[in-house]
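Written out below as structure tokens is the structure these notes cover.
Please treat every number below as a calculation from the coordinates, not as lab data. Note that this is a predicted model, so its numbers are computed, not measured. In this analysis, Cβ positions are derived from the backbone assuming ideal geometry, glycine residues included, and neighbour counts consider all displayed protein chains.
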């Protein structure tokens, strides 16, 4: 058994100062130590996949990051681990607890996952080893993590057994910064209104995000493809998978790089898929984060099957979740005002109704995902 300080301070020495996760009783002393140190960042995520995506965003912004979770929540993290960090080659340290380990009595819901945790990591091609339970093993363990992450630019996992870390009290619960929210402003398009196209909205995004002081994260599907086709810039990242994770990735990046205006361009289907992250953004979202939801009430890139957003008011949801600024839009000009808004208080969201359809003969980005990520990091002067 080790104490939390031994591992966290050794990890700090290796550059890890940024943590995102979902609690587990095995992780309690570890999380309590991180929360108790104001020089470390701890982001409490709504689910394990959001924790991975937020940590990936922080890593893109230059922070070595740790994603923490219980193995029962490992399923929630499969999508970003396989189609975000693997595809874009974003290295993270994953700490996963081993509930229901063979030979250890535990609750029935942990039985199956306890048996297959290692197989899950093997299947995802994520190397893993046992979390160190002796202080003298920590240095060598972190050296192996660093060697793999530096060489492969992909995640490495440590699987924590019961009793690996001694108890550590929660010294304080830091208050989350929440600015007084402005009233929700604006109106959505009505039935019969001529809605703007996605391309017209993205042209306004491009115009409102100068290359030297902003980053655009575009959700998967037609959004990223159209953004790339309109203007392929070094300050843009096109999600090609991990649907719903753009907002968590943007949150991690915005927290890591307060000097950049981070604009997340989401879709209605993607925002619905991980709506819990809206609450996380409401609690943690910094002033330099702008969240745009382009809502055509359809999964456009798969045949325009309807989503359920006809009666969903994302601005009202964002306001209730704590966003400092929540707006509704009917016209592309509303985007201009939103991107130029005062960012003195906190994160903002604009819900803009658009029509279905895409640019004719829509191409795919010419750069491969790792090249897009590397280009963005080079643009931000981040060392890989």
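Arrange the following residues from fewest to most other Cβ atoms within 10 Å of their Cβ: 142, 349.
Least to most surrounded, the residues fall as 142, 349.
Determine the gain in length on full extension of the stretch residue 12-residue 171; use 0.36 nm per residue of separation and subtract their C-alpha separation, reporting nm with one decimal.
Residue separation times 0.36 nm, minus the Cα-Cα distance, leaves 55.3 nm.
In the elastic network of the chain, a GNM with C-alpha springs shorter than 10 Å, the most mobile of 92, 211, 27 is 211.
Calculate, for residue 190 and residue 381, the FRET efficiency according to 1/(1 + (r/R0)^6) with r their C-beta to C-beta distance and R0 51 Å; round to the nearest 0.05.
Values: r = 46 Å, r/R0 = 0.90.
Working from the Cβ atoms, E equals 0.65.
Average 1/r across all pairs of distinct alpha carbons in the chain, invert it, and you get the Kirkwood radius: 21.2 Å. Relative contact order for the chain: 20 percent, from Cα pairs under 8 Å spaced at least 6 residues apart, divided by residue count. Taking each residue as 0.36 nm, the span from residue 38 to residue 320 lengthens on full extension beyond its C-alpha to C-alpha distance by 98.8 nm. To the nearest Å, what is the center-to-center distance of the range 62-117 and the range 307-384, using C-alpha atoms only? The two parts, judged by their Cα centres, are 29 Å apart. With the alpha-carbon atoms of the range 125-216 aligned to their principal axes, the span from lowest to highest coordinate is 66, 38, 31 Å, starting with the largest.
Can you give the Kirkwood hydrodynamic radius of the range 4-160 from its Cα pairs, in Å with one decimal? Kirkwood hydrodynamic radius for the range 4-160: 15.4 Å. Take every pair of alpha-carbon atoms less than 8 Å apart whose residues are at least six positions apart; their mean separation over the length of the range 4-160 yields a relative contact order of 23 percent. Note on residue 147 and residue 162: the extension gain reaches 2.7 nm, defined as 0.36 nm multiplied by sequence separation minus the Cα-Cα distance. Sorted ascending by nearby beta carbons within 10 Å, beginning with the fewest, 188, 292, 170 become 170, 188, 292. On the beta carbon distance between residue 362 and residue 313, with R0 = 25 Å, the FRET formula returns roughly 0.25. Taking the empirical scaling 2.2 N^0.38 Å for compact globular proteins as reference, the range 71-196 has a Cα radius of gyration ratio of 1.52.
Compute the projected area of the convex hull of the Cα atoms of the range 1-66, averaged over all viewing directions, and report it in nm² to one decimal place.
For the range 1-66, averaging the hull's shadow over all directions gives 4.4 nm².
When 82, 302 are sorted by how many other C-beta atoms sit within 10 angstrom of their C-beta, beginning with the fewest, the order is 302, 82. At q = 0.16 Å⁻¹ the log10 of I(q)/I(0) for the range 198-379 amounts to -0.90, computed by Debye summation with a single uniform scatterer per C-alpha, solvent ignored. The convex hull around the C-alpha trace of the range 213-312, projected and averaged over every direction, spans 6.3 square nanometres. Computed from label points 7 Å out along Cα-Cβ, the spacing between residue 5 and residue 259 is 3.4 nm. Here the simple spin-label model places points 7 Å from the Cα toward Cβ, and for residue 212 and residue 230 these points are separated by 2.3 nm.
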